[in-house]
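Asks: Attaching a single structure in structure tokens format; questions to follow.
The values are calculated or read from the model by the stated rules, or taken from the named source; none is laboratory data. Please read all numbers here as calculations on a predicted model, not as lab measurements. Backbone-built Cβ (ideal geometry, glycine too); neighbour counts: all protein chains shown.
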Amino acid sequence: MFRRHSPLFLFLLLCWAAPAAAGPLEDGYAAWERKDYETARRLWEPLAAKNDPDALFNLGLLYKNGQGVAKDYKKAMAYFKQAALYGSVDAAYNLGVMYLGREYGYPSKKDALYWWQQAAEAGHPESRYNLGVMYAYGMGTKADGKQAIEWWTRAARQGNRNAIEALIRVYEEGLFGIPKDPDKAAKWKRLLGK
């Protein structure tokens with residue numbers, strides 16, 4: 001037979017059950033915020049073994065930054081790659097950063113371009129700006145001003161300050177073979193409060 005519970009009982013039940021709903025990912029975040037990186041790593045590793053993209057990304061950050069573990073860029077990149085393959089846009093962005101930066105030991109403009117392309121297509125504003133830079137200067141690809149402007153415009157529409165400044169320069173100076181356009185430059189300047 002169905003038993004009806006009082007509202008107070010249901011309220012107490014919900015309050016008691018709420019903390020249990022957090023889970024290891026959130027508990028790992030809490031440990032990380034307390035700078036208890038060992039606990040965070042321990043909580044995230046089983047999730048990463050099940051290909052949880054957030055846990056994989058977080059472990060990549062621990063190894064990239066040397067938080068609770070020795071810095072290991074190779075491991076960081078492996079975690080980021082796996083996270084990106086399972087849908088982490090932030091992991092794809094970080095791979096682009098690491099492939100472009102010589103300090104990480106694996107410089108590859110083509111790989112940086114590839115991962116930023118993945119993140120940019122998923123809507124990541126910094127990746128969109130960076131992809132524009134890659135096209136503007138022919139880094140890992142042939143120079144393509146039209147593509148640079150396209151990606152900077154997408155990033156600028158998301159409020160990316162660097163992309164807005166790049167577009168202002170494009171239209172003020174008439175870069176990439178387009179004529180100067182003070183009106184378009186002024187439009188972008190207004191977004192920066194200039």
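Asks: Determine if the stretch 166-185 includes at least one residue that is among the acidic types (Asp, Glu), in a loop (DSSP other than H, G, I, E, B) and over 27 Å from SER88 (Cβ atoms).
Replies: Yes, that holds for at least one residue.
Asks: Another question about this same structure. Run LEU25 past the list (1) within 19 Å of VAL89 (Cβ to Cβ); (2) crowded, with 19+ Cβ neighbours inside 10 Å; (3) not small (Gly, Ala, Ser) and report the number of the one that doesn't hold.
Replies: Failing condition for LEU25: (2).
Asks: Can I ask one more? Of the residues GLU150, GLU121, which single one is surrounded by fewer than 16 Cβ atoms within 10 Å (Cβ to Cβ), touching a residue at least 12 places away in the same chain (Cβ under 8 Å) and of a type in the set (D, E, K, R)?
Replies: GLU150
Asks: Of the residues LEU100, LEU47, LEU95, LEU113, which single one is under 30 Å from ALA143 (Cβ atoms), touching a Pro at 6+ places or on another chain (Cβ under 9 Å) and hydrophobic (A, V, I, L, M, F, W, C)?
Replies: Matching residue, one of LEU100, LEU47, LEU95, LEU113: LEU100.
Asks: Another one. Of the conditions (1) within 14 Å of the chain's Cα centre (by Cα); (2) among the small types (Gly, Ala, Ser); (3) in a helix (DSSP H, G or I), GLY87 satisfies every one except a single condition; which number is it?
Replies: (3) is the only condition that GLY87 fails.
Asks: Any residue that is at pLDDT 50 or above and either part of a helix (DSSP H, G or I) or loosely packed, with under 14 Cβ neighbours inside 10 Å (or both) - is there at least one of those in the stretch 3-18?
Replies: No, there is no match, as no residue in the stretch 3-18 is at pLDDT 50 or above and either part of a helix (DSSP H, G or I) or loosely packed, with under 14 Cβ neighbours inside 10 Å (or both).
Asks: Turning to a different aspect of this structure: Kindly indicate the residue of the stretch 102-126 that is in a helix (DSSP H, G or I) and among the aromatic types (Phe, Trp, Tyr) and also nearest to GLY174 (Cα to Cα) among those meeting that condition.
Replies: TRP116
Asks: Quick check: anything in the stretch 89-101 among the acidic types (Asp, Glu) and surrounded by 14 or more Cβ atoms within 10 Å (Cβ to Cβ)?
Replies: Looking for residues that are among the acidic types (Asp, Glu) and surrounded by 14 or more Cβ atoms within 10 Å (Cβ to Cβ), one finds at least one in the stretch 89-101, hence yes.
Asks: Any residue at all in the stretch 38-60 that's over 25 Å from TYR106 (Cα atoms), among the acidic types (Asp, Glu) and surrounded by fewer than 16 Cβ atoms within 10 Å (Cβ to Cβ)?
Replies: Yes.
Asks: Looking at the stretch 101-139, which of the residues that are touching a helix residue (DSSP H, G or I) at 6+ places or on another chain (Cβ under 7 Å) and at pLDDT below 95 is farthest from ALA70 (Cα to Cα)?
Replies: Within the stretch 101-139, the match that is farthest from ALA70 (Cα to Cα) is PRO107.
Asks: Closer than 29 Å to ARG157 by Cβ, in a helix (DSSP H, G or I), hydroxyl-bearing (Ser, Thr, Tyr) and in contact (Cβ under 8 Å) with a residue 24 or more places away in the chain: which single residue out of TYR135, TYR79, TYR99, TYR129 fits that description?
Replies: TYR129
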